[in-house]
Amino acid sequence: MHKTTSPKRKSFRLYAIVSTVVVTAGSMAALIAGVTPASAASLATQVDTQIAVFMVPLTLLVLAILFEATRIALRGALPAEAPTRRQIRSYWSPGQGEG
């Protein structure tokens, strides 16, 4: 039996559109304010800032992976694996100059 997509999953399109608009507005605001990569790089001269720039996204990624693994484990049954397809053997016939 085929299960339809839940309404929560269908509303992902709204979140995608909203997040795209927010990122675009933030980028435009940064450009209007005069923030460029060169000026932003001068802020990252301290070692603590460099570590934070590396560790914060890495920590968020690990937390997202742990959240998804927990969600799948608590959901219950994992999806069953599809059985392997039996390969159909073609009969070999000798080619030119063979056999």
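A few notes on this one:
- The smallest convex shape that holds all Cα atoms of the stretch 47-99, its convex hull, gives 174 Å³ per residue.
- Selected from Leu63, Leu74, Leu14 as most flexible by GNM, with the chain as the system and alpha-carbon contacts under 10 Å: Leu14
- With semi-axes defined as the square roots of five times the eigenvalues of the C-alpha gyration tensor, the equivalent ellipsoid of the chain measures 49, 27, 20 Å, largest first.
- Placed amide H near Val35: partners under 5 Å, 5+ positions off or other chain: none
- Solvent-accessible area, 1.4 Å probe, carbon plus sulfur percent, for the chain: 67
- For Phe54, the solvent-accessible surface with a 1.4 Å probe is about 130 Å², rounded to the nearest 10.
The values are calculated or read from the model by the stated rules, or taken from the named source; none is laboratory data. Everything numeric here is computed off the predicted structure, so don't read it as measured data. These accessible areas exclude ligands, DNA and RNA; they are computed on the full protein's heavy atoms, side chains included. Shrake-Rupley method; radii C 1.70, N 1.55, O 1.52, S 1.80 Å.
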